[in-house]
Amino acid sequence: MAIKKNVVLRGAAAPTEVTVPTFSFSPNDSLAQLIVDAWVEDDFRNSLLEREADNTTVTAAAANRAKVALAARGIYLNRAVIITEEEHDGHYIMQDPDEVVFVLPNRGRVTPRPGQSLLETARLLMSCTPNGI
């Protein structure tokens, strides 16, 4: 399970798929709230996870929505994408060399209830989801 990108190695004629190093970002309230928003707001979630007809290519609109959502939280990137755990486990291939990939923890892991805060749950899943937001 990994995130990969295609690169042309010195002397090679064709691109080679390489694994991108993964890291875990310390859970914080700002990014945890982004997870919660994606869990409870279907329109927001769908806009972040919009894909082209091939069902693997992140749309320009989805990448822009992720970039804007992260900028609103003080994180400024040239290109950001948010993928599902399934896409991560299926070896998501980066579409741009400047792309930074965030993994949205599955919302099926939680059962939202009226008046219940999901912030701590999101913070926990940030730390244990591979490369989680």
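Descriptive notes on the structure:
- Residue satisfying all of: in the stretch 60-101; of a type in the set (S, T, Y) and in a strand (DSSP E or B); farthest from E50 (Cα to Cα) among these: Y92
- In the stretch 55-90, the qualifying residues are those that are among the basic types (K, R) and touching a strand residue (DSSP E or B) at 6+ places or on another chain (Cβ under 6 Å), and the one that is farthest from R109 (Cα to Cα) is R79.
- Candidate set: the stretch 45-82, residues that are of a type in the set (D, E, K, R) and over 16 Å from V100 (Cβ atoms); chosen: the one surrounded by the fewest Cβ atoms within 10 Å (Cβ to Cβ): D54
- Residue count for the stretch 83-122 under the criterion of being small (G, A, S) and exposed (fewer than 13 other Cβ atoms within 10 Å of the Cβ): the result is 3.
- Members of the stretch 26-59 found to be of a type outside the set (A, V, I, L, M) and outside any loop (DSSP other than H, G, I, E, B), listed by number: D29, S30, Q33, D37, W39, D42, D43, F44, R45, N46, S47, R51
- The residues listed here are L125, L48; of these, the one that is within 16 Å of L31 (Cα to Cα), touching a helix residue (DSSP H, G or I) at 6+ places or on another chain (Cβ under 9 Å), modelled with pLDDT of 95 or more and of a type outside the set (D, E) is L48.
- Qualifying residue in the stretch 55-64 (condition: over 24 Å from P15 (Cβ atoms) and either hydrophobic (A, V, I, L, M, F, W, C) or within 15 Å of the chain's Cα centre (by Cα) (or both)): yes
- Scanning the stretch 1-44 for residues that are surrounded by 15 or more Cβ atoms within 10 Å (Cβ to Cβ) and modelled with pLDDT of 85 or more yields a count of 10.
- Looking across the stretch 65-91, the residues that are touching a residue at least 24 places away in the same chain (Cβ under 8 Å), within 22 Å of D29 (Cα to Cα) and under 12 Å from the mean Cα position of the chain (by Cα) come down to A66, A69, L70, I82, I83, T84, E85.
- From the list R65, R73, the lone residue that is modelled with pLDDT under 95 and in contact with a helix residue (DSSP H, G or I) (Cβ under 7 Å, 6 or more places away or on another chain) is R73.
The values are calculated or read from the model by the stated rules, or taken from the named source; none is laboratory data. Everything numeric here is computed off the predicted structure, so don't read it as measured data. As a convention, Cβ positions derive from the backbone with ideal geometry for all residues, glycine included, and neighbour counts pool all protein chains shown.
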